[in-house]
Amino acid sequence: MILFGLSLITIVGLIWLGGLAVFIIRRFREQELTTSHVPAIILLGLGLTAGFGTVVGYELADRELNGVEYTAQAEQPPSERSSADQETPPDTPERLTTSIPGTEMGGPYEFDELSPDAQRVFLSTLESAGAYTTRTSPAEFQDESPTDVGGPGYAFVRYDSAWYKLTADAGGGPLAGLRYIPLLFGVFVTFIALLAGWITYLTFGTQGVP
């Protein structure tokens with residue numbers, strides 16, 4: 001599930017860490033800080049920093065693994081090209097052997113025919129003036145072919161009387177899951193630092209507190 005462009009796990013992690021940070025700050029504000037609080041503050045601050053860094057790292061890794069990179073360029077679909085446009089250029093054999101054509105995902109589409117999600121993806125890709133990566137994968141831009149011929153999927157979309165070729169290149173790969181491994185270390189550091197900081201606070205930071 002994705003909310004506001006962030007995964008649900010990321011949102012839950014940010015809310016939990018934010019609530020924990022507010023709780024810790026309120027506990028310290030209720031006391032007169034002394035040097036006995038310094039170790040606990042350092043450890044708890046380290047834990048919160050590691051926690052936020054781990055959540056952000058997860059979000060980036062998940063976008064890389066499950067995201068789709070969209071690009072768009074002005075190009076007419078073959079069915080709309082004139083006979084002059086379809087003349088075979090002299091370097092066609094070389095181009096065919098050095099490029100991967102990809103798989104047509106559907107269409108051609110009129111912009112108004114697209115679903116709201118597909119329209120947002122298309123417009124965001126145009127506005128990016130380059131590549132736009134998102135985990136949103138509208139049905140119009142999914143490769144439903146039974147065989148994989150290689151290369152990214154593409155679809156033609158007509159917008160404001162101009163044709164565009166929208167290319168969708170899914171992320172991931174055989175080693176993409178390895179990006180999650182460093183995050184386990186981040187979770188471990190977060191847990192240990194927060195636990196040590198809280199124990200230090202209860203042991204030394206509450207001395208003399210009524």
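The values are calculated or read from the model by the stated rules, or taken from the named source; none is laboratory data. The shown structure was predicted, so the numbers you read here are calculated from the model rather than taken from an experiment. Ideal geometry is used to build each Cβ from the backbone, glycine not excepted, and the neighbour counts take in all protein chains shown. Only protein heavy atoms, including side chains, enter the accessible area calculation; ligands, DNA and RNA are left aside. Shrake-Rupley method; radii C 1.70, N 1.55, O 1.52, S 1.80 Å.
Restricting region 56-83 to residues that are of a type in the set (A, V, I, L, M) and open to solvent by 50 Å² or more (accessible area, probe 1.4 Å) leaves a set whose member that is modelled with the highest pLDDT is Val56.
Of the residues making up region 89-146, those that are modelled with pLDDT of 85 or more, open to solvent by 60 Å² or more (accessible area, probe 1.4 Å) and part of a helix (DSSP H, G or I) are Asp112, Glu113, Pro116, Asp117, Arg120, Glu127, Ala139.
Considering Leu65, Leu48, Leu43, the condition of being touching a Lys or Arg at 6+ places or on another chain (Cβ under 7 Å) and not acidic (Asp, Glu) is satisfied by Leu65 alone.
For Pro152, indicate whether it is crowded, with 17+ Cβ neighbours inside 10 Å, at pLDDT below 85 and either closer than 30 Å to Glu32 by Cβ or not acidic (Asp, Glu) (or both). Before you say what the answer is, go through the steps one by one.
On the way: crowded, with 17+ Cβ neighbours inside 10 Å: yes; at pLDDT below 85: yes; either closer than 30 Å to Glu32 by Cβ or not acidic (Asp, Glu) (or both): yes.
So Pro152 fits the description; yes.
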